[in-house]
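See structure below.
No lab work stands behind these numbers, since they all come straight from the coordinates. Since the model is a prediction, treat every value here as computed from it, not as a measurement. So basically every Cβ, Gly included, is an ideal-geometry build from the backbone, and we count neighbours across all protein chains shown.
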Amino acid sequence: MAETESLTAQFEALHAERVRTWEPAQLAKNVDRRARLVADFDPKAVVQVGDVVEPFTLEGADGETLTLEDLVARGPAVLIFFRFAGCPACNLALPYYDRQLRPALEEAGIPLVAISPHLPEKGLGAISERHGLSFPVASDRGNKLARRFGISFDRDVVPEGQPTAGWIGDLTGTGSAEFPQPAVIIIDNERVVRFVDISPDWLVRTEAPAILTALADLRSKVDS
């Protein structure tokens, strides 16, 4: 595995750069939007450890079809939800997971897939090509799985409650500004959720060691 690095530190550096370079009004809007998402987040309303996941199908950016049945055929699978291929934070997170998480999972035969509502025909694969990712990136068309897990949100809802879809609706084909909250979900071979970490703030995401620890704990329970 590559030398340990901190995803949190990378996000802190990204925010610091924005503080230095963004107009105050633009920065304030970004910070306020993230704060409101945190304030509105209800951890009881999202997928829970112990939930049984119904079958689902994802569309790989390369045209491959990914099913839950295939992902957990030989053991647990790790799902990473992200917003879209051009998201600055996602372009830090996915390469980080490729460096810090994917090698250990690959060695253990554990599938890793990154999931976004961004459509393949609208350029989802760009993030994989940009960073040479070694794990599949797949589309959750219509945010169906994210909605089922209770982790979708409307990115552009303003305080008055009027949504604006714009370019987001075009990327996702939903006609809305809906994205999944950053999340890591581990599902075992019996389709049971074994680990959930969801962040309503898109500049806070799960560090790789936490995921590896959860998988080690799961393996120890299976072996005991």
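Just a few scattered comments:
- Convex hull volume of segment 61-181 per residue (C-alpha atoms, cubic angstrom): 104 Å³
- Listed by chain and number, the aspartates and glutamates whose alpha-carbon sits under 13 Å from that of Lys44, ignoring those within fewer than 8 places in the same chain, are Asp197.
- Between helix 90-100 and the chain: long-axis angle, C-alpha atoms, 0 to 90°, nearest 10: 30 degrees
- For segment 13-57, the equivalent ellipsoid derived from the Cα gyration tensor has semi-axes of 35, 13, 9 Å, listed largest first.
- Inter-label distance for Arg18 and Thr4, nm, one decimal - labels placed 7 Å from Cα along Cα-to-Cβ: 2.8 nm
- Only Cα pairs under 8 Å and 6+ residues apart enter the sum, and on that basis the relative contact order of the chain stands at 26 percent.
- Remark: the Val31-Glu121 segment gains 29.3 nm on full extension, using 0.36 nm per residue and subtracting the alpha carbon distance.
- Segment 7-223: antiparallel DSSP beta bridges as a percent of all, rounded to 5: 75 percent
- Compactness of the chain, expressed as Rg and Dmax over alpha-carbon positions, Å: 17.1, 56
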